[in-house]
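A.B. asks: Have a look at the structure that comes next, please.
Laboratory data are not the source of any read-out in this text; all were calculated from the coordinates shown. Because the structure is predicted, anything quoted here is derived from the model rather than measured. Note: ideal-geometry Cβ built from the backbone for every residue, glycine included; neighbour counts use all protein chains shown.
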Amino acid sequence: MTEHADLVITGADVYTVDAARSWSDAIAVRGDRIVAVGSEPVSELIGARTRVIEAAGGMVLPGFQDAHIHAPFAGRNRLRVWLNDLVGRPAYLDRIARYAADNPDQPWIIGGGWAMESFPGGTPRKEDLDAIVPDRPVFLFNRDVHGAWVNSKALAVAGITRDTPDPEDGRIERDPDTGEPTGTLHEGAAYSFNDRYVPLPGRTEWEEAILNAQEHLHSLGITGWQDAWVTPGTLEAYRSLAASGRLAARVVGALSWDRHRGLDQIPEFLAQRESATVGSFHPSTVKIMTDGVLENYTGALLEPYCDGCGGHTDNRGLTYVDAELLAAAVTELDRLDFQVHLHAIGDRAVRNGLDAVAAARTANGRTDNRHHIAHLQLVQPQDVPRFRQLGVTANCQAYWAQMEPQMEELTLPFLGRERAELQYPFGDLLRSGATLAMGSNWSVTTANPLEEIEVAVTRIDPESRGNTPLLPAQALPLPVALAAFTAGSAYVNHDADGGTIAVGKRADLAVLDRNLFAAGAGLPADARVTHTIANGTVVYERS
């Protein structure tokens, strides 16, 4: 007797993302597994209780996997002050003021998502916040989470004055005439403030934040991700959600390396991996942030920043973990079968990361820990082939590879023309044989894989399609971009059951309203997700 399927999708073009990039026309699911692919075998599995999704003209893909995301923090901001969907200072201030008025009992006003290009020099001022929230501290991370906007009350809580020295790994923005703090904290100044003074969420609040993020990510066809900054609080929330079955997505947790400590923290990672690996949650990675970002001149460069006027400065940015310690850390983590997830923006940071993996290879031989370097804004040509040689995956945040105000105003003048030509070399990495994965870095930028894939293939913002592309020779073909956001990210996440469609694999699927390859389909961001299936269950359905 035939055991019928629980779910069948018909009428759509099924893109399997297998090695042959093959196609089919139907798919059947029983429990959490794919049990048939192709209309002939699928038709025999439809019974009275089978749910049939007629997706005529649509496209079925493996569920997208995001290889670099900050889901708990994005979810928390969505529940507090969410500025990511706004443009400009007046809109920010209006939302902050409304939130403060609607929540008079909140002792702190927290959230974030403001864009640096909305303020002169990328640095907002405390006076704007003082005018709307004078009585409570305000702390708002910027969109890339490398700086924060605070009011006078927050500065007073922390005792920050004109006499407060800058931390070694950050900077307090100051008025050039008076030396008074202006209300912007960069890098370590923002992080240490957040850690010391902003009230920490409890487990329940983090759980609510993760579930809020999961709902949003499911609506975009995302069925798994790697959380690139797992703290003790978010670790416990993930463990709890996974144990109770509420974490529908498959999540790899990247435990956060404390850059103020050394190898002594590694036993703690071992204990966390042992205690929190539950169900669909796998805290098997360690994230090391090796530098800052270019827009505030903290990204680590081999040669100094330009001064924006044709000259050079003596600033080469910040290295948060020196090269010797980084090599020792990656070597020991690799020996203990941790994957290492490296943040590297500047060319010096990228080289240090590659050198660290090379040291691990020398000491431990070739392992299958699938280390990866994220962001890769500036990569010297001689370092491009080292990704393939060392087996390091290029974790691409493709949405950043576009010409937009922050690039034009805060990056290009301070890199200079020669270095500007080396940004986001995804095409060169592909041609060199590197393995590519993709992640959004949400909430820094959109979590929508279709928007990110469009930028990967056009190097243009989907909302400004008439713009000049950023270095179009570095664009990726559509099949490569799709594979990076499915099979490539699944590879990084050690997910042998995800990233491709085949009989016996876990049923993680995204259904689109059109075939992205079809004539007249438009560009990827024109498409919409109609259904998301995770572990065989429909977790999102477009109304």
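A.B. asks: For the stretch 108-197, place one equal point scatterer on every Cα, skip the solvent, and apply the Debye formula. What is log10 of I(q)/I(0) at q = 0.12, 0.17, 0.23 Å⁻¹?
C.D. replies: At q = 0.12, 0.17, 0.23 Å⁻¹ the computed log10 ratios are -0.30, -0.62, -1.22.
A.B. asks: What is the angle, in °, between the Cα long axis of helix 89-102 and the longest principal axis of the Cα atoms in the chain? Nearest 10 is fine, range 0 to 90.
C.D. replies: 80
A.B. asks: Amide H to amide H under 5 Å from Leu7: which residues, 5+ apart in sequence or cross-chain, H placed 1.01 Å off N in plane?
C.D. replies: Amide H neighbours of Leu7: Val29, Arg51.
A.B. asks: Sort Leu390, Leu482, Leu470 so that the residue with the fewest other Cβ atoms within 10 Å of its own Cβ comes first and the one with the most comes last.
C.D. replies: Least to most surrounded, the residues fall as Leu390, Leu470, Leu482.
A.B. asks: Helix-only estimate, please: 222 nm mean residue ellipticity of the chain, summing -39500 (n - 2.57) across DSSP H runs of length 4 or more and dividing by its residues, to the nearest 500.
C.D. replies: Value at 222 nm, helices only, nearest 500: -8500 deg cm²/dmol.
A.B. asks: Let me ask something else about it. For Lys153, list the lysines whose Cα falls under 30 Å from its own Cα; do not include residues on the same chain fewer than 8 positions away.
C.D. replies: Those lysines meeting the cut-off are Lys126.
A.B. asks: In the stretch 108-197, what % of DSSP beta bridges are antiparallel (nearest 5)?
C.D. replies: Of those bridges, close to 65 percent are antiparallel.
A.B. asks: Mind putting together the pair-distance distribution for the stretch 8-84? All Cα pairs, 10 Å bins, whole percent per bin, short to long.
C.D. replies: The percentages, shortest bin first, are 16, 36, 18, 21, 8, 0.
A.B. asks: Amide H neighbours of Ser256 under 5 Å, at least 5 residues apart or on other chains, H built in the peptide plane: list them.
C.D. replies: Counting only residues 5 or more places away or on other chains, the set is Val230, Lys287.
A.B. asks: Further question: Cα-Cα pairs above 38 Å in the chain: how many percent?
C.D. replies: 27
A.B. asks: Let me ask something else about it. Quick check: convex hull of the Cα atoms in the stretch 203-492, volume per residue, rounded to a whole Å³?
C.D. replies: 127
A.B. asks: Defining a contact as two alpha carbons under 8 Å apart and six or more residues distant in sequence, what relative contact order in percent does the chain show?
C.D. replies: The normalised contact order for the chain reaches 17 percent.
A.B. asks: Something else: When you have a sec, figure out the Kirkwood radius of the stretch 349-496 from all distinct Cα pair distances and drop it here in Å to one decimal?
C.D. replies: Mean inverse Cα-Cα distance, inverted, gives 15.7 Å.
A.B. asks: Right, next: Tell me which trypsin sites (Lys or Arg not before Pro) from the stretch 79-169 have a DSSP coil assignment and no more than 12 other beta carbons within 10 Å of their own.
C.D. replies: Answer in residue order: Arg162.
A.B. asks: Taking Cα atoms, how many degrees apart are the long axis of helix 203-218 and the longest axis of the chain, rounded to 10 and kept between 0 and 90?
C.D. replies: The angle comes out near 60 degrees.
A.B. asks: By the scheme Lys and Arg +1, Asp and Glu -1, what is the net charge of all other residues having a beta-carbon under 14 Å from that of Asp25?
C.D. replies: Here the count lands on -3.
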